[in-house]
Amino acid sequence: MMRFHHVLGRCTLGGFFALLIHTSSAQEAPELVSNSFSWTQVINSQTVEVVPRKRSFGFMIQHRFGAVSPDEQWFKSFLGLDLPANIRFGFQYALTDRLQLEIGRGKYGKTWDLSAKGRLLRQTEDDRMPVSMTGYFNTAVMTDDFPSLGSNFYYADGVTPFVYETKHRFKYNTELVIARRFSDVFSAQIAGAAVYRNLVSEGMENLTVAMPISGRVKVSTKGSILFEYAPTLVGQQPEDHLDPLALAYEIATLGHVFQIIVASSSQILEQDLYTTPTTRYDDGYVLLGFNIARTLFVKPKKPRS
């Protein structure tokens, strides 16, 4: 009888410690906030989100029509659809639940780009971690022919004759994105984006630093309004420079995202978006566009028995 009680006591004590360990583990792993944004990009700028499941894929089409004025050109150009447009295709792959790779190809400059994006911090439901943070790096290479130059083009020293080199095709973008989902309705984020271009026009700077500010307001179960504004902090710009601005209405389901966009620039890649003039939206000039994204989820591998 004494032996039975001894075994029972050990079982009870073991169960108590197992319960204690389980409770401690639950406390150490608070629930993570998900879906601060529906997609890996707000409109043009990056979000804190990545393709959410290991070994899954993402595919997107980003399209911008031509800029139109607030007069009869709206109708003559069929809301800009008749004008020259820009388009980019992107393909993403999730190495892990926190890291994705992407390859894209854009029309302007016949530009290819490669990027990596990884989660650094995740917001938690109990606010022990109040924000999410993601790092991003993109390298883009222009594959179109260089424009012709006359004999009177020189490097910045004004003496050495200018000659195109392979390195002039490259431009880079590094970002740190911080976001918070304040409620089921509202999410906002801010980022620091450092763009470096190996080749710039005379009087321009190679380095440009922008601070994209963006957010999402949900208006229905699947619908949201998105906004995006990216002031330039570093990098010489014309005196009448206008910072990029965009608005969108988004419809999102589990695997699809569709956005209808009103924007100030036809540029899509951020290396170009933050460094080239926008349309004069202060005079009513804007352009339309759309983004389509599809996520193809791959089922997790079953653990070996």
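So the values come out like this:
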{"item": "At most 13 other Cβ within 10 Å, DSSP loop - GluC sites (Glu not before Pro), the range 115-175", "result": "Glu125, Glu165"}
{"item": "The chain: proportion of alpha-carbon pairs further apart than 26 angstrom, %", "result": "54 percent"}
{"item": "Total formal charge among the other residues, if their Cβ is under 13 angstrom from that of Tyr172, Lys/Arg +1 and Asp/Glu -1", "result": "0"}
{"item": "Listed residues Tyr281, Ala248, Gln236: farthest to the positive end of the dipole of the range 194-305 (Cβ charges)", "result": "Ala248"}
{"item": "Gap separating the Cα centres of the range 79-133 and the range 253-288, nearest whole Å", "result": "15 Å"}
{"item": "Fewest-first sequence of Thr134, Thr221 by Cβ atoms within 10 Å of each Cβ", "result": "Thr221, Thr134"}
{"item": "Residue-by-residue Karplus 3J(HN,Hα) for the range 93-110, coefficients 6.51, -1.76, 1.60, Hz, glycine and proline x", "result": "9, 8, 5, 9, 6, 10, 9, 10, 10, 8, 10, x, 9, x, 5, 5, x, 6"}
{"item": "Packing-based order for 242-249, 109-116, using average beta carbon neighbours within 10 Å, highest first", "result": "242-249, 109-116"}
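Rule-based calculations on the coordinates, nothing more; no lab input. Note that the structure is predicted; figures quoted are calculated from it, not measured. Don't worry about glycine lacking a Cβ; one is built from the backbone with ideal geometry, like all the others, and counts go over all protein chains shown.
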